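The values are calculated or read from the model by the stated rules, or taken from the named source; none is laboratory data. Note that the structure is a prediction, hence the values are computed from the model and not measured. As a convention, Cβ positions derive from the backbone with ideal geometry for all residues, glycine included, and neighbour counts pool all protein chains shown. Just the protein is used for accessible areas: all its heavy atoms, side chains included, with ligands, DNA and RNA removed. Shrake-Rupley method; radii C 1.70, N 1.55, O 1.52, S 1.80 Å.
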Amino acid sequence: MIYAEFNCHYDLFMYYSSCHGLFISILFFQAYERGLMIAIIPFTSKILEPCQSSIAYRPPNPWTMGILSLLVEIYNLPNLKMNLKFDIEVLFKNLSVDMKDVKPSSLLKDRIRQIEGNPDFSNKDVSASQAPVVAEVSSGVMPTINHVEPQPEINSTSRATSLPNMLSQYAAPLRLPTNNMVEDDKSALIMPEQVSSLGLSQVSPSQTPSLSSSSFSLSQLIAAIPRADIYFRINEKLSSFGSLQYSKIMDMALDKAIKEIIGPVIQRSVTIASRTTKELILKDYAMEADDSAVSRSAHLMVGTLAGSLAHVTSKEPLRVALSSHLRSLIQGITNNTESTEQIMLILVNDNLDLGCALIETVATRKVGLYSLPLY
Amino acid sequence: KREMFPDLAPLLWHSFGTIIVLLQEIIVVYPVLSPPTLSLLASSRVCNALALLQCVASHPETRSHFLKAHIPLYLCSFLENTSKTRPFEYLRLTSLGVIGALVKAEGTEVINFLLQYEFVPLCLHAMAVGSELSKTVATFIIEKIVLDDAGLGYICATADRFFAVGTALAGMVTSMDDKPSPRLLKHIIHCYLRITDNPRGLEALQTCLPTTLIDGTFNNLTKDDPTMQQWLQELLVKVRSGKMGGLPPPVQGHMPRV
């Protein structure tokens, strides 16, 4: 039965060869790795040459075309010896196959071939065909220290105006302790050396700038309050009474309220921020050789901390003082006690954050007036 | 994850920029404290930063540095808040936890710091507006303060101060009528007992000790705790007789888990 299928001995030979595992591609892999293609390519040419006259194995037989693809891949290898290239060209010519029409395979790219004494390739530019050498990581290289500086706060004015204002019908509850207890605490607890100097212990207080009470003179603080771009929010509910009149009242009341509370708030905020900044900057920048980097970091930090502390600390005292002044000013233009309270609450809630933002600005600027005694 | 690293605190303190970053996490939430718009997500984030600072406050190597840099003062605004919503309560409790970690230490450095920077009013505020757990931590802090001689002297130095403390303690006793907390009650009784070691305090307590401590309202609680029962009996004997006892009994209370 089998013999009836074939016309000549060649087909029978090829049939038995493929059935019994004559896998030419595997031979090529081994030859490529060990430098034996000088033998396997002529061998393959002799085997495939009669395919042209074979009905079963002539191109585009898949088995035959697979081998041709591999040969094209080999042909394109850099520095392949000329005699091997010639053998491949002759084979394609004999089979009447154009090499450009055959897509090269990619079976050899992952295989590492023997370099030394390989007769398949010429010796010139051997290094060009090698994979790039991976550079070794130098263990002696130290990573650069990344000095992260605290970022300045969002612009205080824009934050104040962008904060949501909720109209509250109830006054904020007064918190413990009462005012006279606060006064009593402060007089009993504030220690002179704490206020008089923030310098290091080995530095004489008289030789360093002091953050004593006298340096927080009220006139200096008030002079630092920005005035140019202040505008007040006057609720539409109050337009029937005249917005301009309420702007004037608001300006007077806020001015009085800020003057009333700004001294203690600034002193406390700047004192705490300076102390914290000194301790942390000295610790984190102990190895820093660049004095200007230390100074810049310290100023950024102390300004941010002082501003934030002043803003949050001033809110309740400012609310109380502002409410008091507004109440007395509004009573001058209306006889109705109930409407006085309503108007006062509206004005306070709409403009309290603006007042706090002004105080924050003063705190941030105030702390810049002193060079921190870090050394 | 803090429990896995016994020496996390020195790592936090001495690594570059870490404490500054944690401070930044604190001050960025100041704007949302008033009007109260703190979200639960933002509250959790800042509370995680406070938990790390609590490690620094707890460790003997870093506690003094922590005080010297005045870090606790950045928590005052959290403790002053009056909002009772869950994000603010979480923030209040965690802030109290930092202070509570400080007062567990022996020595007078911490007590002097808290007295100097007016933390007593902040704890009284938490005792007035906080949840039961916040009340318990705040009362524990006050208890530690009055157990210190300087702290006891501070509380009893002026009528205003004593009245503020007495009002806060009595307020908690009064509000416990329907659902008393044994642990909180124990801290309260111990505070009262210690106050009787001061002549002015003893005299004042004779007129303002809550009646529910005298009339047996809390007998069901005290009978299960011999120490609390002993403290209450000793307190009542002192108040009725007007005589001061000897040294206070050793402290057996422990910090509630935060």
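Some observations on this one:
- Extreme residue, positive dipole direction of segment A:253-355, given options A:328, A:314, A:254 (C-beta unit charges): A:328
- Built amide H within the under 5 Å cut-off of residue A:121, gap 5+: A:81
- Oblate is the label for segment B:1-156, because the ratio a/c of its alpha-carbon gyration tensor axes (a ≥ b ≥ c) is 1.5 or higher and a/b is not greater than b/c.
- Heavy-atom accessible surface of segment B:1-156: percent carbon and sulfur, 1.4 Å: 58
- Peptide B:26-34 - average C-beta neighbours from other chains (10 Å radius): 6
- What the phi angles of segment B:154-160 give under the Karplus curve with 6.51, -1.76 and 1.60, with θ = phi - 60°, is a coupling list of 4, 5, 8, 5, 10, 4, 4 Hz, glycine and proline written as x.
- For residue B:99, net neighbour charge (Lys/Arg +1, Asp/Glu -1) across residues whose Cβ lies under 15 Å away: 0
- Angle in degrees between helix B:182-195 and the longest Cα principal axis of chain B, rounded to the nearest 10: 70
- ³J(HN,Hα) computed for each position of segment B:48-53 - Karplus, 6.51 cos²θ - 1.76 cosθ + 1.60, integer Hz, glycine/proline x: 5, 5, 5, 4, 5, 5
- Neighbour net charge for residue B:90 - beta-carbon separation under 13 angstrom, K R +1, D E -1: +3
- Between residue A:112 and residue B:208, the distance separating the two model label sites (each 7 Å from Cα on the Cα→Cβ line) works out to 8.7 nm.
- Note: relative contact order over chain B, using C-alpha pairs below 8 Å and six or more positions apart, is 15 percent.
- Separation of the residue A:61 and residue A:27 label points, Cα + 7 Å toward Cβ, nm: 1.4
- Based on every Cα atom in segment B:158-241, Rg and the maximum pairwise Cα distance Dmax equal 12.0, 36 Å.
- Derived scalar couplings between HN and Hα for segment A:54-67 equal 9, 5, 7, 9, 6, x, x, 4, x, 5, 5, 5, x, 5 Hz in order, rounded to whole Hz, by the Karplus curve 6.51 cos²θ - 1.76 cosθ + 1.60 (θ = phi - 60°), x for Gly and Pro.
- Local electrostatic count, residue B:19, Cβ distance below 11 Å [Lys/Arg +1, Asp/Glu -1]: -2
- In the context of the full protein assembly, residue A:98 retains an accessible surface of approximately 80 Å², using a probe radius of 1.4 Å and ignoring ligands and nucleic acids.
- With helices as the sole contributors, chain B gives -20000 deg cm²/dmol at 222 nm; each DSSP H run of n ≥ 4 counts as -39500 (n - 2.57), and the sum is divided by every residue.
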